[in-house]
Amino acid sequence: MHRRDLLRLLGLSALAGATGCHGQSTRPRPEAFSPQIAPGIGFVPDVELVLTAAPGEVGVLPGEPTRLWHFTGRLLKGPADTLQALPGSYLGPVIRLRRGQQVRVRFVNQLAEDSIVHWHGLDVPESADGHPRLAIGHGHEYVYEFEVTNRAGTYWYHPHPHMRTGAQVYQGLAGLLLVQDAEEDALALPSGGTELLCVLQDRRFDARNQLVFHGGGMMEMMNGFLGDRVLVNGLPQPTTEVDAAWHRVRLVNASNARIYKLAWSRDVQMALIGGDGGLLEKPLHQQVLTLAPGQRADLLLDLTSLAAATEVHLESQAFAEADASAGGMMGMMGARSNVPNGAPLRVMTLRTRARKGPAFRVPERLSSFDAAWSPNADATIRRVPLTFQRMEWSLGGRTFDMDDVAPEETVAAGSTYLWEFVNLANPMGMEAAHPIHIHGRQFRVVDRTGGRTTNTLRAGIVDGGWRDTVLVLPGETVRVQVTFTRRRGLYLYHCHILEHEDMGMMRNFRVT
Ligand code: C2O
Ligand code: CU
Ligand code: CU
């Protein structure tokens, strides 16, 4: 292996027990951002909370509890419904924020290794973005202060430490972050019991109900780690009793590497109303939805005509493994999940009660936010090849280096660029679908070309609306238009297959 780090990474990831006793990272930690370590002077939070990452135990499967790591929250200030625990789940609390709120989060690390939290999809200053160079050790606290400037939408949070994002998310560290605003309020979308929050993750357990991670070593890093069962909010194939009513279903793919091709088992009407960055302009009627790691979908589901005790399953339909995961050499070398990407899976079940819900009509127009957007012919174009070279996945021919920024990764604050992600074929057959995520700003997909016409994931991809993570299938070129934040600093873009990210398929960009 070229990458000496990979060995370290595999060594560390042999970690099986959540209460492992691994020492601190020996990497020197630059004490950047000391002003944010102490709460900012003059910052008056509307919401203040403590978020702690610590080892714990949760009963996931029948029998022995599973040792894992999780976030717990405590509200110090703000509306009482800011934090919502998910019963029985190892996931962190749902954090509900409103656009315009000033938020302070005190992140406390009680893990035996460094960590830092990233607010996926939020537009925050660099000091609040969770860059790995800001990771803190056991017993330390990192104070985040930011204003919620994003529109209403489904966002999420997870750790982002150097080379350990995959391991920490897999061990249980993740949570939902929902933003509300006046535009969304006005639609009176289904809420309370008719709003279903669904975080999708796949996991593998041993005979004693403990999490298995990276038993297969290097090959699983190359392909991304896949579990052999899907959990929704940390529960295996849950069945939820629901009214025969309209439901709002908010889906997050928080899996390390699994792509889902989602569809309902019955002919129920589904209207897609939002993506990563909030509401679409108009609802989109679509029966299949491709959801890659990092991505979110917001949809309305019509269960009004179902008789009591009817079951509707959310399923991930079959697709060819090669349409998502690296094949070729790696496939031949074996050591892959017995439930590969593309294996059909049942995700969850909804069972109707006799009770009907309130009348509801899908609004014809959801948002006026898009009215201001159009493709910008003057945007600076940058080509970013996604390649496998020297036994590594790379972005623009480079891999991650803590502080390194290439000239073409320097962008002017507030200016508009067209980044062209080119997923090149590889002579060794090492090609994969890469969900590319850019920190700090929601972007627009301008076009998608190339790729195999036989790739059935394509039909389920939604490119409309605002996104922060875009799936680039093998052979495809996807162009996104992004207007970078006005806040100077160092931000990240990377593949959201967490093993690819941890192996270096991540780069900095600097806003100047
Ligand atoms: Cu959700 Cu940098 O990632
Ligand atoms: Cu992010
Ligand atoms: Cu990737």
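Worth a mention:
- Gain upon complete extension [residue 425, residue 74; 0.36 nm per residue less C-alpha separation]: 121.6 nm
- Share antiparallel - DSSP beta bridges, the chain, percent rounded to 5: 75
- Computed over the stretch 62-172, the range of Cα coordinates on each principal axis works out to 43, 33, 23 Å, biggest value leading.
- Based on the convex hull around the alpha carbon atoms, the stretch 259-321 presents an average projected area of 5.1 nm².
- Relative counts (whole %) of C-alpha pair distances in the stretch 75-125, using bins that are 10 Å wide: 17, 48, 32, 3
- For the stretch 440-494, the Cβ-based charge dipole about the Cα centre amounts to some 280 debye (Lys, Arg positive; Asp, Glu negative; other atoms uncharged).
- Quarter of Cα convex hull surface for the stretch 47-94, i.e. mean projection, nm²: 3.3
- The distance separating the Cα centre of the stretch 161-201 from that of the stretch 459-512 comes to 19 Å.
- log₁₀ of I(q)/I(0) at q = 0.08, 0.12 Å⁻¹ - the stretch 239-396, Debye sum with one point per alpha carbon: -0.35, -0.71
- When the alpha carbon coordinates of the chain are projected onto the principal axes, the ranges are 60, 59, 57 Å, largest first.
- Over the stretch 357-451: Rg over Rh, Cα atoms, Kirkwood Rh: 1.09
- Among the listed pairs 77/261; 77/282; 261/356, those beyond 32 Å (Cα-Cα): 77/261; 77/282
- Ranked by the mean number of other Cβ atoms within 10 Å of their residues, highest first, the peptides 495-501, 178-184 fall in the order 495-501, 178-184.
- Normalising by residue count, the stretch 369-422 has a Cα convex hull of 127 Å³ per residue.
- On the principal axes of its alpha carbon atoms, the stretch 403-512 extends 42, 30, 21 Å, with the longest extent given first.
- Net charge dipole size for the stretch 92-190 [Lys, Arg +1 and Asp, Glu -1 on Cβ; Debye, nearest 20]: 200
- A Cα-only calculation for the stretch 184-300 places Rg and Dmax at 16.3, 50 Å.
- For the pair residue 364 and residue 186, label points projected 7 Å from Cα toward Cβ lie 1.6 nm apart.
- Sum of -39500 (n - 2.57) over DSSP H runs of 4+, divided by residues of the chain (222 nm, nearest 500): -2000 deg cm²/dmol
- Think of each Lys and Arg Cβ as +1 and each Asp and Glu Cβ as -1; about the Cα centre, that makes the dipole of the chain roughly 240 debye.
- Of interest is the spacing of the C-alpha centroids, which for the stretch 210-249 and the stretch 372-428 amounts to 30 Å.
- Cα radius of gyration and Dmax for the stretch 168-228 (Å): 17.9, 50
- Order of 136, 116 - criterion: other Cβ atoms within 10 Å of each residue's Cβ, fewest first: 136, 116
- Kirkwood-Stokes translational diffusion coefficient of the stretch 129-231, alpha-carbon pairs, 4 °C, 1.567 mPa s, µm²/s: 76
- Spin-label model distance (nm) - residue 449 vs residue 307, 7 Å beyond Cα toward Cβ: 5.3
- If you take all other residues with their beta carbon under 12 Å from the beta carbon of residue 349, and give Lys and Arg +1 and Asp and Glu -1, the sum is 0.
Each value in this text was obtained by applying a stated rule to the coordinates, not by laboratory testing. Since the structure is predicted, the reported quantities are computational estimates derived from the model, not experimental observations. Note that each Cβ is placed from the backbone with ideal geometry, even for glycine, and that neighbours are counted across all protein chains shown.
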